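Enquirer: Here it is: the structure, laid out below.
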Amino acid sequence: MTEAAAPYATPLLARHEALKAKIVEFGGWLMPLQYAGILEEHRAVRGRAGLFDLSHMGELFVEGAEAGDALARALVTDPPSLAVGRAHYSMICLPDGGVIDDLIVYRLGEERFLVVANAANATVVSDELAARLAGARAILDDRSLAMALCAVQGPRSVDIVSPLTAIDVAGLRYYGIAEGDVAGLRALVARTGYTGEDGFEIFVDVRDADALWDALTRGGEPHGMVPVGLGARDTLRLEAGMPLYGNELDRTTTPYDAGLGRVVKLGKAQEFVGRAALEKVSRDGPAKRLVGLILRGRGIARHGYPVHADGRRTGVVTSGTMSPTLGVPIAMAYVAPGDAEPGTMLEVEIRDARIPAEVVPLPFYQRPA
């Protein structure tokens with residue numbers, strides 16, 4: 001019998017402990033779940049801004065003359081089509097089309113890319129990418145433990161980050177990335193996030209983690225920014241209809257099942273892992289569909305709860321909560337395609353009761369333009 005590996009400590013653990021955060025293990029890391037409370041932190045992000053420690057994410061740099069083409073063969077998207085300074089949402093899939101992980105791919109230069117993976121899958125993705133890049137003129141540099149990542153999310157994000165950098169963050173496009181200094185620290189600044197709000201993700205060397213956190217904290221104080229933990233990050237992403245690996249995405253689920261078939265570039269020149277299987281799903285249609293649900297009765301739908309339609313089981317809840325913004329119970333669930341149209345009334349089994357739930361379009365919440 002082998003002992004489980006000890007979790008990694010975020011480089012900002014001392015900062016979180018000083019703020020009296022509740023620390024939990026998540027994705028193999030010790031991370032803050034909440035500080036003042038999930039509801040308060042959630043509302044701060046929607047109304048002002050929140051500061052997140054995302055240092056548990058995986059950062060994989062791919063460089064070389066064939067870096068773009070090699071990534072195109074490894075992933076479902078087409079990284080060579082990205083302009084320098086741009087990013088896109090992507091996935092790495094199995095030969096049968098199941099999702100190994102969902103990713104963000106940034107193009108930092110003509111021959112340099114950054115692939116960001118989920119914490120729990122970072123090692124798996126790194127190993128899989130290394131195997132798929134073998135033989136190409138491309139080098140994979142896994143810097144997951146060498147980098148720290150902080151995010152500022154919310155409508156005041158530009159006001160907080162702008163004074164700390166010469167980068168034109170106000171002019172940086174959504175899913176754009178730039179290199180420069182933030183608070184005197186060498187950084188990558190991306191206009192991406194996982195909350196449904198505007199915001200920035202700032203990558204620095206792990207040695208600069210404390211200095212970045214402190215500078216962002218000082219800059220955010222006049223704007224009412226608060227530190228935000230994993231609890232509110234989950235309720236925010238759920239309101240925004242964003243999938244969480246292990247809930248909405250896994251190795252038994254294809255991008256088409258999750259309503260994300262748009263990311264699969266079947267027309268690109270390169271053959272890629274999972275193409276044949278995904279072409280079939282694209283042609284024949286998925287066996288299940290991800291939907292949004294608003295419960296029309298008392299109760300909170302949780303991961304794993306059964307969903308019924310006309311007395312038969314049609315699917316299962318993947319994520320659910322009481323929406324702090326909307327004030328109603330919301331959930332995402334996989335159901336049979338015939339039960340997935342908005343307006344369809346289903347039932348979620350909560351303990352011994354079946355609670356009415358209406359299928360609604362995703363996202364539940366979208367920030368004002």
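The values are calculated or read from the model by the stated rules, or taken from the named source; none is laboratory data. Treat the numbers as computed from the prediction; the structure is a model and nothing was measured. Virtual Cβ from ideal backbone geometry, glycine too; neighbours counted across all protein chains shown. Note: areas computed on protein heavy atoms with side chains; ligands, DNA, RNA excluded. Shrake-Rupley method; radii C 1.70, N 1.55, O 1.52, S 1.80 Å.
Enquirer: Would you confirm whether or not the stretch 256-277 contains a residue that is under 22 Å from L71 (Cβ atoms), in contact with a Phe, Trp or Tyr (Cβ under 9 Å, 6 or more places away or on another chain), among the hydroxyl-bearing types (S, T, Y) and at pLDDT 95 or above?
Expert: No, that holds for no residue.
Enquirer: May I pose another question? Looking at this structure, is K280 open to solvent by 40 Å² or more (accessible area, probe 1.4 Å) and part of a helix (DSSP H, G or I)?
Expert: Considered against the rule, which asks whether it is open to solvent by 40 Å² or more (accessible area, probe 1.4 Å) and part of a helix (DSSP H, G or I), K280 comes out as yes.
Enquirer: Looking at this structure, is G68 buried (at least 21 other Cβ atoms within 10 Å of the Cβ) and within 30 Å of A6 (Cβ to Cβ)?
Expert: no
Enquirer: Give me the residue from the stretch 335-345 that is in contact with a Gly (Cβ under 7 Å, 6 or more places away or on another chain) and among the hydrophobic types (A, V, I, L, M, F, W, C) and, out of that set, least open to solvent (accessible area, probe 1.4 Å).
Expert: Checking each candidate, the answer is V335.
Enquirer: On the basis of being touching a helix residue (DSSP H, G or I) at 6+ places or on another chain (Cβ under 8 Å), within 27 Å of G231 (Cα to Cα), of a type in the set (A, V, I, L, M, F, W, C) and open to solvent by less than 30 Å² (accessible area, probe 1.4 Å), does I294 make the cut?
Expert: Against the criterion (touching a helix residue (DSSP H, G or I) at 6+ places or on another chain (Cβ under 8 Å), within 27 Å of G231 (Cα to Cα), of a type in the set (A, V, I, L, M, F, W, C) and open to solvent by less than 30 Å² (accessible area, probe 1.4 Å)), I294 does not qualify.
Enquirer: Could I ask something else about it? Identify all residues within the stretch 105-125 that are under 18 Å from the mean Cα position of the chain (by Cα) and either surrounded by fewer than 19 Cβ atoms within 10 Å (Cβ to Cβ) or without any contact (Cβ under 8 Å) to a residue 12 or more places away in the chain (or both); write none if there are none.
Expert: Answer for the stretch 105-125, where residues must be under 18 Å from the mean Cα position of the chain (by Cα) and either surrounded by fewer than 19 Cβ atoms within 10 Å (Cβ to Cβ) or without any contact (Cβ under 8 Å) to a residue 12 or more places away in the chain (or both): A120, T123, V124.
Enquirer: Next up: Being open to solvent by less than 10 Å² (accessible area, probe 1.4 Å) and polar (S, T, N, Q) is the filter here; which residues of the stretch 319-334 pass it?
Expert: Listed by number, the residues that qualify are S319, S323.
Enquirer: Failed condition for V316, given (1) without any contact (Cβ under 8 Å) to a residue 24 or more places away in the chain; (2) assigned to a strand (DSSP E or B); (3) open to solvent by 50 Å² or more (accessible area, probe 1.4 Å), with all others met?
Expert: Only one criterion in (1) without any contact (Cβ under 8 Å) to a residue 24 or more places away in the chain; (2) assigned to a strand (DSSP E or B); (3) open to solvent by 50 Å² or more (accessible area, probe 1.4 Å) is unmet by V316, namely (3).
Enquirer: Does the stretch 307-315 include one or more residues that are farther than 29 Å from I38 by Cβ and at pLDDT below 95?
Expert: Yes; the residues of the stretch 307-315 include at least one that is farther than 29 Å from I38 by Cβ and at pLDDT below 95.
Enquirer: Where the second residue is part of a loop (DSSP other than H, G, I, E, B) and the first is open to solvent by less than 70 Å² (accessible area, probe 1.4 Å) and lies in the stretch 135-146, which pairs have Cβ atoms under 7 Å and are six or more apart or on separate chains?
Expert: As it stands, the answer is A136/E66; A138/G64; A138/E66, since those pairs meet every condition given.
Enquirer: Would you mention how many residues in the stretch 1-51 are in a strand (DSSP E or B), open to solvent by 80 Å² or more (accessible area, probe 1.4 Å) and farther than 23 Å from L238 by Cβ?
Expert: Residues flagged as in a strand (DSSP E or B), open to solvent by 80 Å² or more (accessible area, probe 1.4 Å) and farther than 23 Å from L238 by Cβ within the stretch 1-51 amount to 1.
Enquirer: Search the stretch 346-368 for residues being over 29 Å from Y194 (Cα atoms) and open to solvent by 60 Å² or more (accessible area, probe 1.4 Å), and hand back the single one that is farthest from the chain's Cα centre (by Cα).
Expert: Restricting to residues being over 29 Å from Y194 (Cα atoms) and open to solvent by 60 Å² or more (accessible area, probe 1.4 Å), the top hit is D352.
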